[in-house]
Amino acid sequence: DRQSSPQRRARRIGIMGGTFDPIHNGHLVAASEVAHRFSLDEVIFVPTGRPWQKLGDEEADPSRPVSPAEDRYLMTVIATASNPQFTVSRVDIERAGDTYTVDTLRDLRRLHPEAELYFITGADALESILSWQDWEELFELANFIGVSRPGYELHVKHLAHHLAQLPPDTLQMLEIPALAISSTECRARAARGRPVWYLVPDGVVQYIAKRKLYRAPRASSPGVS
Ligand code: ATP
Ligand code: MG
């Protein structure tokens, strides 16, 4: 069948968006598994610019701002460097203002006009993307792959009516190996001097130490230097 010969098939690109503060093995397993299952040619990791969802997130830690974009970008580069299918894009960190998935997809669509795009997202993030943004346009720009994540379940009930009108396969759910790792937990561990070895790639452990990221804010007791 000549039509399905490899040369004619559109390039398939996965897009893994995230704050990546820090990138951890849960992100990497998700990207690797989706790449395998959907025969992707490449997965582009896209660190967010200003993550509007996370500013003013009182529950997480009111005092802690998100780490500088360049640190999150470099950790993502370090974590993905050994995989020839993984690349990192600066589109979100170079765009002014808050990061919205629709802008990420528009930019990558422009850069890869011939490709089929697959936006990869954990169940938790998928729900907020679909409920906060103009998701009808999102589905025109890319296929969405929702991956399982321990502790989260996807509630798409309120979207079911609209989803029924979309072409099949626009949104697919994929069970992936469960890694109960979050960046929040990695930051908390680093702040308390607990190990993050094997939760994040070795190079990221070393980068966190080198740049002194996630150190607990100094107590405001006088005389401590
Ligand atoms: P934070 O705790 O700061 O929110 P995070 O661990 O959730 O960090 P993000 O950068 O917010 O990481 O997530 C980027 C994407 O990766 C999201 O789509 C998220 O759902 C997904 N993701 C993160 N961790 C996992 C995991 N352990 N398993 C599957 N998907 C994950
Ligand atoms: Mg998150």
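Would you mind listing the helices (runs of 4 or more DSSP H) fully within region 147-225 where at least 1 residues are at pLDDT 95 or above and within 16 Å of ligand 1 (Cβ to nearest atom)?
Counting at least 1 such residues, we get 183-191, 202-210.
Could you check how many residues of region 94-146 are in contact with a strand residue (DSSP E or B) (Cβ under 8 Å, 6 or more places away or on another chain), more than 16 Å from ligand 2 (Cβ to nearest atom), within 21 Å of Arg72 (Cα to Cα) and not in a helix (DSSP H, G or I)?
The number of residues fulfilling the criteria is 1.
Can you find, within region 29-66, the residue that is surrounded by the fewest Cβ atoms within 10 Å (Cβ to Cβ) among those that are at pLDDT 95 or above and within 16 Å of ligand 2 (Cβ to nearest atom)?
Val29
What are the residues in region 109-128 that are under 15 Å from Ile13 (Cβ atoms) and of a type outside the set (Ser, Thr, Tyr), if any?
Answer for region 109-128, where residues must be under 15 Å from Ile13 (Cβ atoms) and of a type outside the set (Ser, Thr, Tyr): Arg109, Arg110, Leu111, His112, Pro113, Glu114, Ala115, Glu116, Leu117, Phe119, Ile120.
The values are calculated or read from the model by the stated rules, or taken from the named source; none is laboratory data. Treat the numbers as computed from the prediction; the structure is a model and nothing was measured. Positions of Cβ are generated from backbone atoms using ideal geometry, with glycine treated the same way; all protein chains shown enter the neighbour counts.
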